[in-house]
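Nothing in this text is a laboratory measurement; each read-out follows from the coordinates by a stated rule. On a predicted model such as this, the values are computed, not experimentally measured, just so you know. Positions of Cβ are backbone-derived with ideal geometry, glycine not excepted, and every protein chain shown enters the neighbour counts.
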Amino acid sequence: MSRRNILVTNALPYANGPIHLGHLLGYIQADIWVRFQRMQGNNCTYVCADDAHGTGIMLSAEKAGVSPEEFIDAVNQEHQRDFADFLVDFDIYHSTHSDENKTFSSLIYERCKASGHISQRSITQLYDPEKDLFLSDRFIKGQCPKCKTEDQYGDNCEVCSSTYNATDLINPRSTISGATPVEKESTHFFFKLPAFADFLNEWTRSGTLPTQVANKLAEWLDSGLQEWDISRDAPYFGFEIPGEPGKYFYVWLDAPIGYMASFQKLCESRDDLNFEDYWGVESNNELWHFIGKDIINFHALFWPAMLKTSNFRTPTGISVNGFLTVNGQKMSKSRGTFIMAETYKQHLNPEYLRYYFAGKLGSNPDDLDLNLEDFVQRVNSDVVGKVVNIASRCAGFINKGFEGKLSAEVSEPDLIADCQQTTTEIAELYEQREFSKAIRLIMSLADKANQYIADKTPWVLAKENPQALEVQNICSTGLNLFRLLIIYLKPVLPNLANQVEEFLNVSALQWQDAESLLLDHQINKFKPLMTRVESTKVDAMVEASKENLNTQENSSVDASDKVDSPLSNDPISDEIEFPDFAKVDLRIAKIVEANYVEGADKLLKITLDLGLNAAGEQQIRTVFSGIKSAYKPEQLNGMYTVLVANLKSRKMKFGVSEGMILAAGEGDDIYLLEPHKGAQAGLRIT
RNA sequence: GGCUACGUAGCUCAGCUGGUUAGAGCGCAGCAUUCAUAAUGCUGAGGUCGGUAGUUCAAGUCUACCCGUAGCUACCA
């Protein structure tokens, strides 16, 4: 198969605030597809930029006391850092406020004008006389003309959900200055979209879009397209329209053109890329846009029409993702589910999120729910418990018994072949952007690998003879299966794959490598590849997101990062009711014995006396506690402490633990709780 | 209000053009196991598919209405 030339663009984030998990959904989706294409050996170029124009940015910069240019530069840095943290591998991350974009915006406008698709007429709009600014609906609030609710925006009422014109509001006011808006006329420029109705009817149904998206667009198409207002009056942060002083391109005119501008900028530094090859009307290369479902009309109506009339090629396809909900609800600042990329990164490994999203993403624009409990279980069970575990359970035998050498042949050719043959199906699913189906398939292979190892019980054979050829064969087979799984997962988990390449002592894995096996091959010592998600970290992230809400109000953004205290690192949990607390039965207990546990790194075995029960029997409990790093058994003997007495017993590797003793801290700094002198064993703590 | 989607086991999701006892993973329960980062294997219990009424020999799958959720509704991005 010949190499495909693919250009992928990702929706441009608005340069008005930080990247959050909702943004990341779309970028991770595109990045997985891009990485897959590159692993296939295709030339896949991936571009993005900040969307840096508009009234919103102008006002934000003003509020921050800096110029718009300074403002968007700072945001651009942050955005690039966040995307890099989440392993989103753009070839270029540019800005719509660039020379290249100005050139293309003017060019496309001129071509639209030359083909007779630009009109102009005077419209009446509300105007802020104090601020000298035309007001869009967003910046006007007033009383709903229907239900009389106060504080509603200029286009629709959130309470009675009626729609109206801003001029219908009772007592309207500018949200910027508070002034009463006045009506004012101004000349605006329009793109004659109706002229493209036939073209768009055809184009939207030609396989470029998911059906659901085409259905939605039929709404505009069937009800008759309107001319699109593409100009804004000064003051506005954007590009001035050529030959029309005081008139600026509406931000959505130059935003998609930013895709071209970014690519052009990239071409200047790359010999292998040529602008015309990708954007010329004759181009046979692929052009894919990855966007969110909120900006469908801009990309699937205005954009192709503009490209068409200005003599550029139209996109090959548009991939649309839905919105992210957290725990089944809209992201909410007060619930702590409005999680910034940076906050997430401080607490959790970005690859967890990449895996979770991949496990739920399909090609349709359905919303995706990040259920935090499900997130923890899913990642732990699939990635750590199933996949990584295969390497972990095989590597020891190979390293110890065979000096890290894999056997010359595998013991189960059928199983391996089965796993190798699935490569086509998995590739097809990635290609179709059915990542969740691909992941399901890959995990079923991981299950087969674990079943195989459990069936062959190499540890039993190794007990008799650690150098038995059969042990080497079984574990080499296991590690070869593991390698295949990592190839399949590499688009989703690139960092993990890099670590595995190091461990297996191989060069960067490509899709084609699934055809070959590692035989008679020297591997390196196994190091833990990925640790489990700890739900305490997830809780801490949610808490930190709630705190952001408070600290964000203060302009000193950095202050919260500097505090290093137990409370700042691990904030107080959600409020509970008294009955919740009362369920926990805490008792004074006397430590009658403490012992080391053979083979345990962290645990001490502690025997506790709770005194006599109603029947006059001595209540003795055994508890395993992870305090070996801080206490010696002899220090504990005779000491009194606090026991969670009604905690369900838990079977552990070294025995059953019948409760939990209370201590603070971690690592070497663990502090066991001890009551004041005189407390009697069995007393309840209230 | 209009429009577009969505609503299937505790959780997250599959179910193609309607067709045998509705599937998976996780979680849960029991058993086995202890090579592995509390990790694995086996077995099992859980849904009548948001509701109502239809079409049909046959409906989770089609139609209508209703309820719930999300989004869009062209000068916010």
Quiz item: Using alpha carbon centroids, what distance separates segment A:617-639 and segment A:433-457, in Å?
Solution: 42
Practice problem: Report the local net charge at residue A:477: Lys and Arg +1, Asp and Glu -1, summed over other residues whose C-beta lies under 10 Å from its C-beta. | Solution: -1
Exercise. Quick one: of A:632/A:677; A:386/A:537; A:527/A:632; A:537/A:605; A:405/A:628, which pairs are farther than 25 Å apart, Cα to Cα?
Key: A:527/A:632; A:537/A:605; A:405/A:628
Practice problem: Out of all DSSP beta bridges with both ends in chain A, state the antiparallel percent to the nearest 5. | Solution: 70
Practice problem: Could you order peptides A:525-531, A:252-258 by the average number of other Cβ atoms within 10 Å of their residues, highest first? | Solution: A:252-258, A:525-531
Quiz item: Taking K and R as +1 and D and E as -1, what net charge do the other residues with C-beta under 10 Å from the C-beta of residue A:41 add up to?
Solution: +3
Quiz item: Expressed as a rounded percentage, what relative contact order does chain A have, with Cα pairs under 8 Å and six or more residues apart?
Solution: 11
Quiz item: For chain A, what class follows from the C-alpha gyration tensor (a ≥ b ≥ c being the square roots of its eigenvalues): rounded when a/c is under 1.5, otherwise prolate if a/b is larger than b/c, else oblate?
Solution: oblate
Quiz item: How large is the dipole of chain A about the Cα centre if only Lys and Arg carry +1 and Asp and Glu carry -1, each at its Cβ, rounded to the nearest 20 debye?
Solution: 1640
Quiz prompt | segment A:227-358: antiparallel DSSP beta bridges as a percent of all, rounded to 5 | solution = 60
Quiz item: Across segment A:359-373, in residue order, what do the Karplus-derived ³J(HN,Hα) couplings come to in whole Hz, using 6.51 cos²θ - 1.76 cosθ + 1.60 with θ = phi - 60° and x for Gly and Pro?
Solution: x, 10, 8, x, 8, 8, x, 6, 5, 10, 9, 8, 8, 5, 5
Quiz item: With θ set to phi - 60° and the Karplus curve 6.51 cos²θ - 1.76 cosθ + 1.60, what are the ³J(HN,Hα) couplings of segment A:407-415 in order, to the nearest whole Hz, using x for Gly and Pro?
Solution: 6, 6, 9, 8, 8, 9, x, 5, 4
Self-check item: DSSP bridge orientation in segment A:1-145 - percent antiparallel, rounded to nearest 5
Solution: 15
Practice problem: For segment A:206-364, report the convex hull volume of the alpha-carbon atoms normalised per residue, in Å³, without decimals. | Solution: 214
Self-check item: Between segment A:134-202 and segment A:1-43, the Cα center-to-center distance that results, in Å
Solution: 35
Quiz item: Sorted by mean Cβ packing within 10 Å, highest first, what order do the peptides A:286-299, A:74-87 take?
Solution: A:286-299, A:74-87
Practice problem: Arrange the peptides A:608-615, A:399-406, A:90-97, A:43-50 so that the one whose residues have, on average, the most other Cβ atoms within 10 Å appears first. | Solution: A:43-50, A:90-97, A:399-406, A:608-615
Practice problem: Filter the cross-link list A:131/A:247; A:525/A:602; A:247/A:330; A:184/A:216 down to pairs whose alpha-carbon distance in this structure exceeds 28 Å. | Solution: A:247/A:330; A:184/A:216
Quiz item: Amide H neighbours of residue A:49 under 5 Å, counting only residues 5+ apart in sequence or on other chains, H built in-plane at 1.01 Å?
Solution: A:94
Practice problem: Go through segment A:175-182 residue by residue and turn each phi into a ³J(HN,Hα) via Karplus (6.51, -1.76, 1.60, θ = phi - 60°); whole Hz please, and just put x for glycine and proline. | Solution: 6, 8, 10, x, 5, 7, x, 10
